[in-house]
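Some notes on the structure that comes next.
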Amino acid sequence: MTDQIRYGAAGFRRRNGLALGSAAAVFGVMAVGLVVPPYRTGRDVLQPPGPEHWLGTNDIGQDVLIGLMHAMPNTVFIAVSAALISLAAATTFACLAAIGGTLVATAVLRTVDILQVIPSILLLLLFAAWLQPGIAGIVLLLALTTWHEDVRVLRAIVLRELTRENVRYARHMGAGWSYCVTHHIVPAVWPTLVGLYVQNIRQAVMKAAGIAFLGLTDPRLTTWGSMMQDSLDHLHGDAWRWLLLPPALSLSLFLLIVLAVGQRLERQTMAGATARP
Amino acid sequence: MKSPDPSRRRAGLIYDLVNRVIVFFLLVVLTFALPRLMPGDPLSLLLSSDVTRELTAAEAEALRQDMGLGGSWADQFLTYCRAVLSGDLGYSFHHAAPVSQLLATALPWTGLLVLGAIPLYLIVGVLAGIEAGRVPHRRFDRIATGAMTVLASLPPFTVAVFLLLIFAVLWPVLPLGGAQPIFPAEAPLARSVEILRHALLPTVALAVHEIVRFYLLSRGEAVALSARPFLINARARGISGWRERIDYYGRNLLPVILARMSDSITVLIGAVLYVEVVFSYPGIGHLNLGAIMDRDYTLLQGAVLGLSVLVLSLNWLIDVAAALLARRG
Amino acid sequence: MRLFIRRDINAVVIAALAALAAPPVHADNVGDRLVIADASSDRGMPAPYVHHKNGPGYIYTSYVFDTLIDHGANGDLTPGLAESWTLSDDGLVADLTLNDKARWHDGTPVTAEDVAFTFAYMTDHPYVLTSVAMVDTVEAISKDHARITLKRPYAGLQSGPLLSLPILPKHIYQDQPAPERFVDRKAATGSGPYKLVSYDKAQGRYLFERNDGYYRGTPKFRQVAIVKMAPDAALQAMAAGEVDVIGSLPWTKVEAAKKAGLNVLSARSNHPVRLVFNHQGMFREKDLRHALAFAIDRQALIDVVYQDGAVVAETGYFQMGSPWRRETADPDYAHDADKAAALFRQNGWERGDDGRWHRDGSPVVLRLIADKSFNNLATALADQLEAFGISVDLRILERAAQQEHVRTGDFDLALFTASTMGDPNGVARRVTSPMFWRGDRFQDSEAMKAAIRAQAGALDHAERLDQLHRFQALYAEELPAYMLVNPIWTTVHSDKVTPRYLGDGVAFGIPSALHKSMFLR
């Protein structure tokens, strides 16, 4: 698949349009957190949806809709930044493994192999229980347990790009590695990076929701995963309709959107590849 | 992929094995160190109920020694390693039982779920994938791929919660949780039926995610195969139905599927934790989570080690099988 | 032990078979069987050294192991293994006459030797639920006459150790160097109304069978089973007649139980949730403790978090219904924002223009730590204090982290819960001891310490009560901790059985309705 990732100028613009749109959407979501009213307890407990509380209230009278809106920036931020950090780490190590000597490459690849066989859930559990992480902790923890997955793919692409004529030519003309990386290699691997990034976001959303669901994150951090956990006590009776469904739907909808964006990006890349003369 | 010569492949498998031994050793160190770095004193936690009484310093020290918490870290680590090497996983004071015994009662239940889920997702995922990829962009393909996309967007615990809600609460045809009814039947047959009934929902919940992965994998491969001459030939000769799907597609998919299996085991072990929590199923995931919450060092160490030995050896064996198969085919 | 070594070697293989081959429960006469549902998992094997160190673990063990003195159905002290007991005038020597019909489950008679052995053994192998430190010697004068000599007068002898110390069979425990590791079925040989038949750790299931020769009369039910079941599942099973007792039903499910027409037994748990102050920090000042108490609206907390599931707690430590409490109205610190504000101002706090409180020029931020189970209460409390103008840094921590915060003093306020029942000798640990991290850890009142000491050594009941009443008044005035809410606990039961909440809890104050008196005729 990575062999096909070559692109044309039109594709690049289109893709950038979509990427910019997504970025704007992410910032919009984060901004929501600033304008939503506070998530306060109240005497109206377990109210079904109605004119006063559009999505009802939970067992201590907190408004579910407000909760959803508070959870949205948290959930999105965790996913977006954990994926970013893990991709940055993966790229760095992939470049190191590609450019550095045999010793560096062996060290990096060996570490990756080792991390690959550890069930990441065990690491997550151990560390999460130890730190009871807040938002920054979760981001780091997720990045720590996912970065290794992308190193091999990225290294292969970087190696391929390194042997291309434009890079060799630039080197021949006396350009330094850093120049080559920023001017030739990064633009070439950009589409792959974007694709991996979108995949990583999905992974991070699922994992973050998972540890919140097990109750291993800071309970004050409202996320869709933690809202779902709170709703588990109410499966019997009616309250699950407004306590479980909204966060579950939000979570799945977000994952679907990310998936759709990823597929669109991939298709555009493919279209660009075939459009290339 | 070009097949390397056998000696290189053997070297590769040995490399994998060495990696896994290193991982195992790292986990021994990690499971030893991490809980000790966590805040909290296990003895105070064991006795943190308001009904316990005040211990004198001497009594507390005696209990501490007994719990393997006496002496320096280095001493504790040496004692620990020696015990692990001799096959003794220690004694959990919280459960008042040897760790190996606790693992032994929990592992079969987890094993039942995992072993039940593997054939389920293989059969459903691969068959649906072949069916969709045989003639891509047909109605079946579009519907199935759409459904799988939606399923892929449900985190594993969501699937478990909804299965529980639908089949145990709203339409209570299956049990709410646990591995057996309160009073298991005496006759072995009735008993097995009950156990299977309890395992059904958790197994399905566990399998769903892998169904999606294997569907997408085999669909992609099947699409590629459909364009290969040997299949076009076979179809022209009138080969269809099961023979086409199993002998032509299935055979050729086998190495790819096996290659993905070792990864799949790791994923399943992660997902089984959520499933066990949602269905309060008495398996190893439950045990692990409890050990973390109670700061039960010995049990946590034993459970993590037991689990990782299981995962590491299983996925190595699958890798070996995949390599052997690749050589034959 | 040998058994376990063998298991170590091929544990997994054996277990796979064992899981399927474990002896099934015989169910020939279901009507004669009492089924108790417990929401939590495993409580440990019901033997004194290996059950979990908490209330339910002790209660289940008490079905197998009898004590010298027991509670009757109304909560009074009644004879257990000891048919009668006398205490010398100086309060130093107790003579006990044992019931000669008492037998261990293996048929061996229970003798004074066993009693003497138990006290000696528990001195060597600390039993963490009840102390025997006040006992000097225990002698077996004859087969059924045991004499306990104390180091000093000890007012709570009957309602303390004699009531709660399980008597061990000498012939079984004398060869056990490490009772914490003694998990053979033999470890559960007691003299109580029920014998342990099977205990399945993974499923959290216990099965007991009636001790036919029980010295206090044949117990009512041929079998008693305890099964692990989530509350909702248990309610379903109870409606279907499969379960007879739900030991503790969360208040949120009480409505559903009533709707299903089940017998619902509710009582104040007297296991209140308290707001504990860090007495090393700013709340060393009594006035500030009072001010905060006035700032909190306890009824509003209940309206938000508990509704019908709790009542406002008594502030003088002992709760309504306790036999040690003086029936008087404790100061109730009724919510009064103005009074609170005045008290804060007197102590140098100032309210800024934005309505936030400041101390020494900087805004006040109180660090509140709580357990996950009090997440809701803590959130509502934080909301109240925020509304009053005090910022709260709420940290929901699991136990180990809480313990660390308490140890290092990294908190201002904490939510903890503990029983206030049982023999008042437990008060010292729960209120003044610096060691118990979930206690009040209050050291600043010499008068309170003196009252606690004096009641422990009091020779007659009236004198003891007098000291305890003094303690009660001091507690309400000093507020080592502010008693917030007294949750109501609920047991649901079928017509077969009548559980009862005892006025002073079971043994050392366990708020449970499942005392074994419900099995006796």
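Each reported figure results from applying straightforward, stated rules to the coordinates on display, with no laboratory input. Since the model is a prediction, treat every value here as computed from it, not as a measurement. Don't worry about glycine lacking a Cβ; one is built from the backbone with ideal geometry, like all the others, and counts go over all protein chains shown.
General remarks:
- Of every Cα-Cα pair in region C:273-488, the percent that sits beyond 31 Å: 18 percent
- When the Cα atoms of region C:466-521 are aligned to their principal axes, the ranges along those axes come out at 47, 24, 13 Å in descending order.
- Calculated FRET efficiency for the pair residue C:404/residue A:238, C-beta based, R₀ 45 Å, to 0.05: 0.65
- Taking N as its residue count, the alpha carbon Rg of region A:13-160 over 2.2 N^0.38 Å: 1.43
- 10 Å Cβ neighbours from other chains, averaged over peptide B:104-111: 6
- Equivalent-ellipsoid semi-axes of region A:23-110, from the Cα gyration tensor, Å, largest first: 46, 13, 8
- Estimated distance in nm for a label pair at residue B:135 and residue B:189, the labels positioned 7 Å out from Cα along Cα-to-Cβ: 4.4 nm
- Pairwise label distance in nanometres, residue B:78 with residue C:264, each label 7 Å out on the Cα-Cβ vector: 6.2 nm
- Taking label points 7 Å from Cα along the Cα-to-Cβ direction, residue A:35 and residue A:186 give a separation of 3.3 nm.
- Shielding of peptide C:391-404 by partners, expressed as the average count of other chain Cβ atoms within 10 Å per residue Cβ, is 6.
- Straight-line cross-link reach from residue C:339 at under 15 Å between alpha-carbon atoms covers these aspartates and glutamates, not counting any fewer than eight positions away in the same chain: C:287, C:297, C:350.
- Förster-model FRET efficiency, 25 Å R0, residue B:245 and residue B:200, C-beta, rounded to 0.05: 0.40
- Calculated FRET efficiency for the pair residue C:220/residue C:251, C-beta based, R₀ 45 Å, to 0.05: 0.95
- Relative contact order (%) - criterion: Cα under 8 Å, at least six apart; region: region B:40-117: 15 percent
- Percentage of interatomic Cα-Cα distances in region C:69-173 larger than 19 Å: 40 percent
- 3J(HN,Hα) from dihedral phi, region A:66-77, Karplus parametrisation 6.51/-1.76/1.60, rounded to Hz, x for glycine, proline: 5, x, 4, 6, 5, 6, 4, x, 4, 4, 5, 4
- Residue of A:261, A:198, A:45 that the Gaussian network model of chain A assigns the largest fluctuation, springs spanning Cα pairs under 10 Å: A:45
- Measuring between their Cα centroids, region A:19-89 and region B:306-327 lie 43 Å from each other.
- A quarter of the convex hull surface defined by the alpha-carbon atoms of chain A gives 17.5 nm² as the mean projection.
- Using the empirical formula 2.2 N^0.38 Å as the baseline, the Cα radius of gyration of region C:110-219 reaches a ratio of 1.18.
- Kirkwood hydrodynamic radius (C-alpha pairs) into Stokes-Einstein, the protein assembly as shown, 37 °C and 0.692 mPa s, D in µm²/s: 100 µm²/s
- Shown here: region B:97-250, whose C-alpha atoms stretch 62, 30, 29 Å along the first, second and third principal axes, sorted largest to smallest.
- Inter-centroid distance (Cα atoms) of region B:260-291 relative to region B:162-177, Å: 20 Å
- Here the Gaussian network model covers chain B, with springs between Cα atoms less than 10 Å apart; of B:273, B:120, B:45, B:45 fluctuates the most.
- Peptide C:175-181 has a mean shielding of 2, counted as Cβ atoms of other protein chains within 10 Å of each residue's Cβ.
- Cα point-scatterer Debye curve for chain C, base-10 log of I(q)/I(0) at q = 0.08, 0.11, 0.13 Å⁻¹: -0.57, -1.04, -1.33
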